[in-house]
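Scroll down for the structure; my scribbles are underneath it.
The values are calculated or read from the model by the stated rules, or taken from the named source; none is laboratory data. Given the structure is predicted, the values throughout are model-derived calculations rather than measurements. Here Cβ is always computed from backbone atoms with ideal geometry, including for glycine, and neighbour counts include all displayed protein chains. Remember, those area values only see protein heavy atoms, side chains included, never the ligands or the DNA or RNA. Shrake-Rupley method; radii C 1.70, N 1.55, O 1.52, S 1.80 Å.
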Amino acid sequence: MQITLETKPFATLEMDALVSYVFEDSNPVQGRIAELDQFTEGLLKKLAGSGELTGKPLEMTLVHAPRGVKSARLLLVGAGKREKFDSAVLRKIAGAALRYLKSRGAKQVRFRPARKRSCGDLARKAVAEGALTANFESDKYKTDKKDAKSVDSIAVTGFPES
């Protein structure tokens, strides 16, 4: 698996899946998620209003073919309470997202932090560690394994221009 950092705007990148996270707030569509909501023409606010997007820890909301983004899928992962968010939570989010998308055949995944403060070196390392751990297969070299699914590349976007 290849891990890269992207400085290009996320909306211009073609990929199998774009991943971000939302916090468990009265309004989970804030900050960079609000920017993403503008690209998707208010879809995320509609999902939050219907109760489908809550931000509860590791809750997955998958949107197929979101408008305004060149991604085939948009995955929003619940990050839990904002005040409890740290690099360990980010590592879990990245790992859970990769496993979820890997089982659905995604090959190219882009991870976009929901907060600009989450773009530091520790955050980048946490996303990479979570992705590497989640992609590990202990029985990779067994000969009887057929149609094994794997993610080819993961990129972390949002540094620093987007």
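Of the residues examined, Lys125 is not one that is under 16 Å from the mean Cα position of the chain (by Cα), at pLDDT 70 or above and over 20 Å from Val22 (Cα atoms).
Looking at this structure, is Val69 crowded, with 16+ Cβ neighbours inside 10 Å and over 12 Å from the mean Cα position of the chain (by Cα)? Here the answer is yes, as Val69 does meet what is asked. Pairs meeting the criteria (first residue in segment 35-54 and under 9 Å from Gly68 (Cβ atoms), second residue assigned to a helix (DSSP H, G or I), beta carbons under 6 Å, at least 6 apart or on different chains) are Phe39/Ala11. Within segment 1-30, which residues are open to solvent by less than 30 Å² (accessible area, probe 1.4 Å) and at pLDDT 80 or above? Selection gives Met15, Ala17, Leu18, Val19, Ser20, Tyr21, Val22, Phe23, Pro28, Val29.
Just wondering, is there one or more residues in segment 76-93 that are in contact with a strand residue (DSSP E or B) (Cβ under 6 Å, 6 or more places away or on another chain) and part of a helix (DSSP H, G or I)? Within segment 76-93 (the criterion being in contact with a strand residue (DSSP E or B) (Cβ under 6 Å, 6 or more places away or on another chain) and part of a helix (DSSP H, G or I)), the answer is yes, since at least one residue qualifies.
Yes or no, residue by residue, for (1) open to solvent by less than 20 Å² (accessible area, probe 1.4 Å); (2) under 19 Å from Ala128 (Cβ atoms); (3) aliphatic (A, V, I, L, M):
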| position | (1), (2), (3) |
| --- | --- |
| Leu43 | no, no, yes |
| Gly51 | no, no, no |
| Val89 | no, yes, yes |
| Arg104 | no, no, no |
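For segment 135-146, the candidate set comprises residues that are in a loop (DSSP other than H, G, I, E, B) and at pLDDT 65 or above; within that set, the residue that is farthest from Val77 (Cα to Cα) is Ser138.
Taking Ser87 as the residue in question, decide whether it is polar (S, T, N, Q), more than 10 Å from the chain's Cα centre (by Cα) and under 24 Å from Met1 (Cα atoms). When the stated conditions are applied, Ser87 passes them. Here the condition is being modelled with pLDDT of 85 or more and at negative phi; of Lys56, Lys70, Lys149, it holds for Lys56 alone.
Taking the listed residues Leu132, Leu62, Leu98, the one that is open to solvent by less than 10 Å² (accessible area, probe 1.4 Å), hydrophobic (A, V, I, L, M, F, W, C) and either more than 13 Å from the chain's Cα centre (by Cα) or modelled with pLDDT of 90 or more (or both) is Leu98, with no other qualifying.
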